[in-house]
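These notes concern the structure reproduced below.
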Amino acid sequence: MDKKTDLLQNRYRLRTVLGTGGFSTIYLAKDEITGQEVSVKEFTAEHMDGLATALRVNAYDIASQSEPQPVPDPSALSEEEKLSRGLMQVRREAQMLDLFRDVPGVPGLIETFQENNTFYLVKEYLEGMTCKEYMDRFRGRLPFTLALYIMKGTLEILREVHDRGYIHCDISPINSFLCRDGGVYLIDWGNAADLSGSMEDHVVRQAVNVRYAAPEQQISGRALTPATDIYCLCASVYEAVCGDPPRQCIERLRGEALVPPTIHVSDLPPFLSEMLLRGLALNPADRPQSAGELLEIIGREIAFSVSPVTGTGNASVSARLLNEKRSPFGFLTSRRIRRPTIL
């Protein structure tokens with residue numbers, strides 16, 4: 001056995017690459033003590049030893065096919081700064097997962113350790129797909145009922161996190177995860193912010209995804225609030241139901257108009273369109289101020305029966321999907337999720 005595919009004195013045996021982004025590579029691994037599959041996140045940098053060449057090449061192949069990950073302009077940062085900021089993000093994620101280990105929808109942290117001259121974070125393995133991957137299966141956009149299901153699950157997570165004085169800061173279709181059992185998770189907590197101001201602001205703003213980021217994340221000196229997460233979530237749901245992200249906030253600040261979701265999807269329920277437009281307000285004060293406020297709106301509205309609409313896939317889904325903790329996969333598709341290939 002190649003010792004470079006084993007970590008922590010052979011406890012974790014790496015099997016394959018699940019994904020890459022920014023400063024990290026994520027592997028599927030087996031915990032040789034418990035026998036369980038786990039997710040291992042490795043902080044990566046060009047001059048670090050890393051792991052087996054075969055795994056690294058595989059990681060780069062996946063990265064070339066994945067959603068672009070916004071990172072600082074390399075020309076503006078020294079190697080030491082890139083290393084420091086990236087490592088800070090991975091450590092921040094570990095801190096957040098530990099802090100929220102009792103919150104449903106936040107991946108469970110198993111442990112962290114240092115090896116191979118780098119840092120590792122071991123989490124529970126989630127079997128399912130990101131919202132973005134699910135959108136790809138629906139040719140670019142989701143039936144609005146499924147998008148609402150993911151939105152509702154995400155808001156339930158955010159309500160608890162916001163009540164504790166933190167915000168996620170990086171909600172996007174690639175960070176919303178839908179498990180086979182119907183559970184909705186928020187992943188990648190490396191940019192989470194403490195609203196008390198005790199965390200360094202430059203870390204929070206260093207990897208903003210401009211497709212979904214609120215104005216206050218991109219303009220120096222603006223305060224971040226729970227309404228920041230509301231903007232990111234509504235931008236993500238907008239893309240999920242419309243097939244395209246909303247116009248970026250910086251362009252809108254320059255006078256470009258936001259296209260209403262109903263222009264893209266004529267059968268979209270009016271309440272959902274109005275909710276997304278409110279959530280995408282440029283002024284944070286004009287948005288819903290809490291996850292609970294949006295949950296109340298959704299709770300009032302999902303009593304309706306979804307009418308079948310030709311070509312949208314909505315006929316496969318009913319309102320009970322939003323009221324019950326049931327797996328959406330049985331409603332929406334007979335296709336099975338493929339497990340990762342074992343190396």
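The figures follow:
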| read-out | value |
| --- | --- |
| Candidate set: region 135-162, residues that are among the aromatic types (Phe, Trp, Tyr) and either within 13 Å of ILE298 (Cβ to Cβ) or buried (at least 24 other Cβ atoms within 10 Å of the Cβ) (or both); chosen: the one nearest to the chain's Cα centre (by Cα) | TYR149 |
| Filtered residues of region 120-134 (kept if assigned to a helix (DSSP H, G or I) and surrounded by 20 or more Cβ atoms within 10 Å (Cβ to Cβ)) | CYS131, TYR134 |
| Residue satisfying all of: in region 96-119; of a type in the set (S, T, N, Q) and assigned to a strand (DSSP E or B); modelled with the lowest pLDDT among these | THR118 |
| Those residues of region 28-45 which are aliphatic (A, V, I, L, M) and either in contact with a helix residue (DSSP H, G or I) (Cβ under 6 Å, 6 or more places away or on another chain) or surrounded by fewer than 17 Cβ atoms within 10 Å (Cβ to Cβ) (or both), in sequence order | ILE33, ALA45 |
| Filter result (part of a helix (DSSP H, G or I), of a type in the set (A, V, I, L, M) and free of Cβ contacts under 8 Å to residues at least 60 places away in the same chain) within region 262-287 | ILE263, MET275, LEU276, LEU277, ALA285 |
| Number of the condition not met by GLU79 [criteria: (1) modelled with pLDDT of 90 or more; (2) surrounded by fewer than 17 Cβ atoms within 10 Å (Cβ to Cβ)] | (1) |
| Qualifying residue in region 229-242 (condition: more than 14 Å from the chain's Cα centre (by Cα) and loosely packed, with under 15 Cβ neighbours inside 10 Å) | no |
| Some residue of region 246-255 being among the β-branched types (Val, Ile, Thr), in the same structural domain as VAL184 (by TED's automatic domain parsing) and either without any contact (Cβ under 8 Å) to a residue 12 or more places away in the chain or closer than 20 Å to ASN209 by Cβ (or both) | yes |
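The values are calculated or read from the model by the stated rules, or taken from the named source; none is laboratory data. The structure displayed is predicted, hence computed values, not measured ones. Please note: Cβ atoms are built from the backbone with ideal geometry, for glycine as well, and neighbour counts cover all protein chains shown.
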